[in-house]
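A quick write-up on the structure given underneath.
What follows draws every value from the coordinates through simple rules; no lab data is involved. Computed from a prediction, not measured in an experiment: that's the story for all the values here. As a convention, Cβ positions derive from the backbone with ideal geometry for all residues, glycine included, and neighbour counts pool all protein chains shown.
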C-alpha cells in the first residue's frame, strides 16, 4: 500500500533531505511540497540535485490540498510551525521537525523560546520523537515532535546511563561539535564559506542553547529529580555531522556495558567495542549513530563520544523513521542507505 | 534470484563505494572481499562507515574461493589487475575498474602505460564500459573494462557531437576539475589535507594524462579519422566530483539539441535546459551525470559543461550498472539513490 | 615620513586585507575607517582578527574628516564608489578598489554595468591600476582604478604575448578558477559554506562576466585592433586564490621566453621554469603572482597558468603597491610577507 | 647587527613557517637549511611558496657548517633531535621545536616517550619555552625546548588560574580541537584530504596524549602538588589552529580578572572582554593567542576558551619569539604580522 505524504517547508535542507530519503522508499509517495518564498518553482530549480525526480511543484501552504494526504512532514521555522500545524485537518498525521513541540511544559517552552506557545493543547499531545525511547507512543501518535539534533546526540550517549544510575548526575559535560547544515539554509554572515572554512569556534556558551531545554526535560524525567548538564556546542568547518564528547563520573566498563545492552537490538544505534570511538565521517548522510566509550586515566572518569548526521538521524531520517512507525510500515524503510565515504 | 559477487581490492575507495551501493541492491550478495595488505581484517576496521553491514572478512586473492561466484568486481591497481584477471576461472564474469583493459590496441596500451600488456588476448575481448554507448556488447561480455573517470566525463559531453559532426574536430579543449578521491587512498604528499585544502592546481598538463589514450581511441573511432583533443585536468580541494568544461567550435543550439536527443531515454545522463550548467555539488554520491550547454559571446563557439561523481558514475556506479546488464538485471538496480546535498 | 590614510568600506574583505597589510607598513598610518552599515563599531567587533591593532572606530563617510589625509583607499560597492569619490576633497589621492573606474570609455562602462557613469570626467582621468604595466602613470595619478581580480590574472598571463605578437589573437581561452572571497562578504545563498564546500561550478558562462570589459579594453589597445577572448570563471571551494588556465595558439618556447623577459625585473610576478606550473596554495595571502608555461602535445598549442591571491595581488595588495608608487615610497613596502602555507 | 641562523629539518611545516616569519625579520639571516631526505633540493622545489626568497640549498646535517652560525632552530623529529643537538658545537644557541627537551625529569620522559633519553645532561639544562612564563630563563639559556602546541594552548588558559588558586585543581577538563598541520607533513592515511575533510573525531582519548606530560609537569610545579587534568584532543578538518575549551570549577569573574591581569602587558596573549570567546579563524597564521571566559548557567562552573595557531604561536612563532629573547633582540621582531582572514 502506498501512503501519500506532503512536506511543508520543502525548500530547506531538512526538506531536501526528506525528499532524498523518500525517493527510494517503497511505500511513500510525495504528493505535496510547500515553500512559501519559493512557491511556483520546481524542486529542480530550488535543489538541482533532485532534478531526476518527478516531484510536485512548490506551492504555498494555503494552496496545498490535504485531501488524500496521510502524513505531513513539517520543516517550517520555529513558531511558524505551531500555527500551521494547528490548522491542519484532523485526518493527517504529522511529524514536525521544528522545535515547537519538543518541550511538554508550556512554561519551559516560554522560558527557552521567549514567547507563549500558540497551540498549547496540541503541545500537550505531542510525542517526543526520539524513536528508540518513545517507540510505542510514536506508533499511535497523531503528532510527533522531532528532537533537536544536538539534543538527540547527547541523549543517545546519556539516557541509558541516567536511567541505570551508573553516572554522577551532577558532573555531566557535553562538549559538542556540529557541522553547519544544522543552522539551515539561512543567510547569515557566520555561515558564509569564507567565514567558516578553516575556522572553528564555540557558540551559545555557558548554558544558553535551546536544546538544553530538551536535556533538562528528558534527563530530569528519567532521573526523577532535576538534572542540569553543561553543554557547549561548537561550529565545525564541515557540512554534516555532530560529534558529542561527553565527560562523566562513572566506571567505563559499566558505562560501556550499559550502553551496549540498551542498544543491543537497535538497528541504527551502534555501540562500538570498548576503547574505540567514532568520527562524523563514518555516519555521514546515513541514519546511523555510533557511540564509543573510553576510560580516562583518572579512575572513575569516563568519556563517551557519540556521532550522528544532523540532517539524517538528527532530523529528517528520524522523521522518516517515526513516520514509518506511525504508518505501520517497516521502521527502517528508506533508511538503510550506507554512509557516504569519503 | 540472488547473484554472488566478489570484490577484489575492496580496501580502496572504489571497493568501499561498491559495497555502499550493493548494500541496498535487491539481487546481489557479497560473498568475497579481498585486500592483500589488509587481509584478515574486517571491513569495519578498514572502513568503519560500513560497520552496520554483515560482510565477509578481507582475504588475500589467493585465499579466495570463486566457487559459486557469479561476478567479480576488480578494484586492483593498474598492472596488477591484468595478472589477476587472467587467472580467474572461466565461469566468473568480470567488471574491471582499473585501467588495464580500456585500450583495445596493445601498442596504444604500451604507449600510455609504459610496458607491454600481460594479457593481450584478454585485452582484445574486453568491452569498453561506457554503458550508454556499449550497452549491447556489455550485456554479453565476460570482461568489461571500466572507463577512466575523467574519460567518462569528457565522452558524455562530446561523443554525440562527434558522431553527428556538429563540431570542429580540430578545436576541442577539455578543461577538467577533479576532486581528490579519484587519486585513490594512496599515501602521497600532494593528497594530504594540509597540501590540498585551500589549494587548486593543474596536473599532467600538456597532453600527458593517460585518459587521453581513451579519448584518442574513442573519438577517432567515432569520427573515422584521428582526433586529438587538448585535455588539462586540475585538482580540486574537494573529495568527490568531476567538472569538465569543454570548449568547442559549433552552434550552441545544435550542440544542445544533439545532446538532448542522444540522452533523451537515458536514466542517468541528464541534459539541462539550454543555458543552465551543472555543479559537482548536485550529483555527489550518485550515478547521475548533468550536462549543460551555453553559447559563447563569440559566434560559433560553445561551452559544454559536464559533471559526475568520479567514484559513482565515474567508477563504481558505472561498474554496478554494467554488472546489472551482464546479469540480466534491471540496469538501475542499486543506483537510484539521490545525490547527497548539502 | 608618515602618510595618513583612510579606508572607505573597511568592513568588507578588501578593507580588512588592506588593514592587515598596512599594519606592518613603516610609513602609513590609518587615521580613518568607514563602514556605513557598521558605523560606530570597533574594527575588533567587525573583524576580531584585527583586535591587536590600535585602529580608529568605524564611522560613516559623512562623519569622516579628510583633513590631513594623504591617501584614500576606497573599498565601496560598485556604483556607490563613483559618487563618493566625486565628492572627495582635491588634496587626497585615491586608490579605488571597485569596478567604477576600470573602463575608460563611458559607452563601455554603460554596456557592462548597465547604467550611465555618474562621474564621467573623473573616469577619463583615472589610471588603470595594473601596476607593472602602468607604473609611470600611476606615480603621478590622483585616482588609480584597481583592476578586477580575474582581469589582473588573465592579463599577467597574456599582455606580453599580445604585445609581442607571439600568439594568435583569435584563439584565446581563459578558463579561470576563483576562490569565494572575490565575491565579498555578501549574504548570498551560493556563498554559504553548505552550498559551496565540496562543490565547484562555472558562473557567468558564455562571455557575460564584467571583467571581460577589461580584457576587451586592454587587449584591444595593446593589439591595436579588436581582440575578444573566451572567458569562463568557476567558483572553487576555497577562500583565497585565482588560477587561470589559458589556452593559446603559439609556440611554448617563445611564450615562455617572452613572459620571462617581460617580468625579469618584477618583484611580484614570477615566471616559473618552463614546464612547471603554479598552485593557488603557493601564493596565498601574498602579493606574488606565479606564471607557468607548458607545451601541449598538439604542436603550436600552449597552456599558460597564472595564480595570484584575489584579495592581495588581485585587490588590496595591488592597491597598496599603487599607493606606494603614488606617495613616492618603496613600491614593495608592506608587501613582502611570504605566502602562508599550509 | 645581523645574526646568522640555521634551520635543521627545514623540509617540514615548522621549518617552512620559520622561513616565512624570518623572511621579514630585520636582524636574522638564514645561512643554512637541512633536510636529510631532500638534501640537494632547493627550498623552491620543496616549498614553492618560498620561491621568491634567496635561500641556501637544503643539505644534510652532516654537510652543514656551523661556523658563524649564532642560532640553530631544530625542527627534527622527536628522538632524532636529541642526538643531533647533543653534537652541535658549543657556540651555537638552540631552539628545539621537537618534544625532546620539554620534560625535565628523565623518568617522565621515558614514561611518555617510551625510551630512555639519549642526552639526559642536556635535558636538565633546557629551559621550557613557554615564553611568557619563562622569559628570564630563556634570555640566558643555551637550549630552549619548544612546547607542545596543545600544551601551550591549555597552559595559556590555565596557568594563572592555578597559581592564583581560583579554580578547583581536581576538576579540570581540556577538550581541544586541533587542525591537521600539527601532525606534520607525514604520509599517514588519516591525514589525507579524502579522509579528513568533512570529518571530525577525537584521538588519544582517555589521557594518553604525550602533551599530558607537559601539563602534569607544569601544573604540578605551579600548584606545589600533583595535578592531573583530563585532556581530549580532536582533529578538525582545517589546516591551522587549536581551540581549547576548558571546563573548570571556579567563579567566572575571578577567572576573567585573573587572566586579564596576568596577560595585561603581554603583546601576544589577549584576554577578550568577559563573555566573548575566540575562533581559530581570527588568529590564523599569526603569533596571537585569544582567550575568552564565559560563566556557565551552573553556578561555580566556568568555561575558558583559548585559540592559537599551532604552527605559529604553538611552534615556529614561539621559537622565533624565544630566539629574539636569547639574542637580545626585540621580542616581537618578525612576529607582528596580522592574522590572515578570511
Which three numbers, in whole Å and largest first, are the semi-axes of the equivalent ellipsoid of segment D:149-309 derived from its Cα gyration tensor as √(5λ)? 26, 18, 14
For segment B:129-218, what is one quarter of the convex hull surface built on the Cα atoms, given in nm²? 7.8
Under the classification rounded if a/c is under 1.5, otherwise prolate if a/b is larger than b/c and oblate if not, where does segment A:67-193 fall, given a ≥ b ≥ c as square roots of the Cα gyration tensor eigenvalues? oblate
What order do you get for C:27, C:100, D:216, B:54 when you list them from fewest to most C-beta neighbours inside 10 Å? B:54, C:27, D:216, C:100
Given 0.36 nm per residue, what is the gain on full extension from residue D:29 to residue D:67 after removing their alpha carbon distance, in nm? 12.3 nm
Highest-fluctuation residue, A:63, A:105, A:253 considered, GNM on chain A with Cα pairs under 10 Å: A:63
Honestly segment B:152-201 on the Cα gyration tensor test (a ≥ b ≥ c root eigenvalues; a/c under 1.5 rounded, otherwise a/b vs b/c for prolate or oblate) is just prolate
For chain D, averaging the sequence separation of alpha carbon pairs under 8 Å that lie six or more residues apart and dividing by its residue count, the contact order in percent is 17
Post the alpha-carbon centroid distance, segment D:219-246 to segment C:87-133, in whole angstrom. 54
Which whole-angstrom value gives the distance between the alpha carbon centres of segment C:257-294 and segment D:291-342? 34
On each of the three principal axes of the Cα atoms of segment A:3-125, give max minus min coordinate, whole Å, ordered largest first. 46, 26, 25
Kindly state, to the nearest 0.05, the FRET efficiency for residue D:267 paired with residue C:332, given R0 = 30 Å and r defined as their beta-carbon distance. 0.70
Test of understanding: in a Gaussian network model of chain A with alpha carbons linked when under 10 Å, which of A:315, A:286, A:260 would top the mean-square fluctuation ranking? A:260
Using only alpha carbon positions, build the gyration tensor of segment B:202-250, then give the equivalent ellipsoid semi-axes as the square roots of 5 times its eigenvalues, largest first, whole angstrom. 23, 12, 10
Taking r as the C-beta separation of residue A:223 and residue A:110 and R0 as 25 Å, the FRET efficiency to the nearest 0.05 is 0.60
Mean residue ellipticity (222 nm) of chain B, computed from DSSP H runs ≥ 4 via -39,500 (n - 2.57), nearest 500: -8000 deg cm²/dmol
With the calculation restricted to Cα positions, what are the radius of gyration and Dmax of segment C:285-342 in angstrom? 15.4, 48
Can you bin every Cα-Cα distance in segment B:221-274 into 10 Å intervals starting at zero and give me the percent of pairs per bin, rounded to whole numbers? 17, 35, 41, 7
At a Förster distance of 25 Å, what's the computed FRET efficiency of residue A:60 paired with residue A:187, Cβ-Cβ distance as r, to 0.05? 0.75
Which of C:103, C:122, C:21 fluctuates most in a GNM of chain C (C-alpha springs under 10 Å)? That residue is C:122
What is the protein assembly as shown by shape, rounded, prolate or oblate, if you read a ≥ b ≥ c off the alpha carbon gyration tensor as root eigenvalues and call it rounded for a/c under 1.5, prolate for a/b larger than b/c, and oblate otherwise? rounded
Enter the Cα centre distance for the pair segment D:168-214 and segment D:53-83, rounded to the nearest angstrom. 28
Across every pair of different alpha-carbon atoms, what Kirkwood hydrodynamic radius in Å does chain B reach? 20.3
When B:266, C:62, C:214 are arranged by how many other beta-carbons sit within 10 Å of their Cβ, fewest first, they go C:62, B:266, C:214
Arrange B:195, D:198, C:17, B:189 by Cβ neighbour counts within 10 Å, fewest through most, would you? B:189, B:195, D:198, C:17
